[in-house]
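The values are calculated or read from the model by the stated rules, or taken from the named source; none is laboratory data. Keep in mind it's a predicted model, so treat the numbers as computed, not measured. Positions of Cβ are backbone-derived with ideal geometry, glycine not excepted, and every protein chain shown enters the neighbour counts. To get the accessible areas, we keep the full protein, side chains included, count just its heavy atoms, and leave off ligands, DNA and RNA. Shrake-Rupley method; radii C 1.70, N 1.55, O 1.52, S 1.80 Å.
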Amino acid sequence: MPDVVIMTDSNSGMEQEEGERYGVEVLPMSFIINGKIYYEGMDISHEGFLKKLREDAQVSTSQPAPGEVTERWEKLLKRHDEVVYIPMSGGLSKSCETAQILAKEYGGRVQVVDSKRVSVPQKMMVFDAIALAKEGKSAVEIKEMLDESAMDCAIYIAVDTLKYLKRGGRITGAAAAVGTVLNIKPVLLMRGEKLDAYEKARGMKGARRIMLQAIRGELEGPFREYAQRGEVCLQMAHTCADEGMAAEWEARIRDEFPDLELYSARLPLCTACHIGPEGLGVGITRRIRKDW
């Protein structure tokens, strides 16, 4: 039975302490804020990051250097037979493609999975990988099973302000201005590799209602059979400085779907820099192993 270790990046929302608890290697993502490099979970907190955003700091994301990734693999391979690396969706970052190219030099001992996810759903895939490794699956077998389930996930995110989407080039300045005047709150959908517009709402109250309706539609449609087999869980994520607002959103989801497990977290910084403060999200994911 191979000794397989799981590795992910901080885009999954898994913190360093949590990674140590589960035996998962967590690669911290780097950010450049006003010309200075910070590492998520190492030298900048979510609160500190959101404060920088509100102060209109110049923020940009940066994928990990190839040497940074391979150095961690080599350390892990001294203690384990194989590595399964689960970075954020290849559709949102080139870091996954880069890692897949680098992995070819390791003779199959490193398997890179395109999670097609980010934030809590990405973490759910990490937990699936942990369970499969405990069952004695090889790195290749784990990758094959994760690849098969990667598309079984949908994430809906409501944006409080269009300012940060405009800054990231996702929308035009004119669209942002109109949206601000009309109190438009866009709801975004990430399914697979793309983050697209899903619907527009008047105010966050309307946006929350749209997201809950969307989850009901998922349960009646693509996820119906998985739900009947007890293979579905929900995720809540946010960029709220006000913990009360986040708790209220979490309670609303639990009230709407009392029979489903719900996992909650803050959105990782790579997503927060485009979503901005006070963003809310809900995701639905098929879990391929019920017991983590």
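Structure data summary
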item: Selection count where residues are in a helix (DSSP H, G or I) and touching a residue at least 12 places away in the same chain (Cβ under 8 Å), scope the stretch 217-226; result: 3
item: Residue in the stretch 23-41 that is open to solvent by 40 Å² or more (accessible area, probe 1.4 Å), touching an Asp or Glu at 6+ places or on another chain (Cβ under 9 Å), within 26 Å of Gly283 (Cβ to Cβ) and modelled with pLDDT under 85 present; result: yes
item: Criterion: under 16 Å from the mean Cα position of the chain (by Cα), at pLDDT 80 or above, closer than 20 Å to Arg54 by Cβ and open to solvent by less than 50 Å² (accessible area, probe 1.4 Å) - qualifying residue of Ala158, Ala150, Ala154; result: Ala158
item: Failed condition for Met14, given (1) open to solvent by 50 Å² or more (accessible area, probe 1.4 Å); (2) touching a Lys or Arg at 6+ places or on another chain (Cβ under 6 Å); result: (1)
item: Among residues of the stretch 105-134, those that are small (Gly, Ala, Ser), assigned to a loop (DSSP other than H, G, I, E, B) and touching a residue at least 12 places away in the same chain (Cβ under 8 Å), counted; result: 3
item: Pick from the stretch 274-292, criterion of a type in the set (Val, Ile, Thr) and not in a helix (DSSP H, G or I), ranking: most open to solvent (accessible area, probe 1.4 Å); result: Ile288
item: Number of the condition not met by Arg54 [criteria: (1) open to solvent by 60 Å² or more (accessible area, probe 1.4 Å); (2) at pLDDT 95 or above]; result: (2)
item: Per-region count, the stretch 196-252, residues open to solvent by 40 Å² or more (accessible area, probe 1.4 Å) and of a type in the set (Phe, Trp, Tyr); result: 2
item: Residue in the stretch 238-260 that is touching a helix residue (DSSP H, G or I) at 6+ places or on another chain (Cβ under 9 Å), under 24 Å from Pro87 (Cα atoms) and modelled with pLDDT under 95 present; result: yes
item: Subset of the stretch 254-273 that is in contact with a Lys or Arg (Cβ under 9 Å, 6 or more places away or on another chain) and in a helix (DSSP H, G or I) - its residue that is surrounded by the most Cβ atoms within 10 Å (Cβ to Cβ); result: Ala272
item: Residue count, the stretch 73-104 (criterion: in contact (Cβ under 8 Å) with a residue 60 or more places away in the chain, more than 15 Å from the chain's Cα centre (by Cα) and open to solvent by less than 60 Å² (accessible area, probe 1.4 Å)); result: 6
item: Matching residues, the stretch 181-216, being closer than 29 Å to Val113 by Cα, small (Gly, Ala, Ser) and in a strand (DSSP E or B); result: Ala197
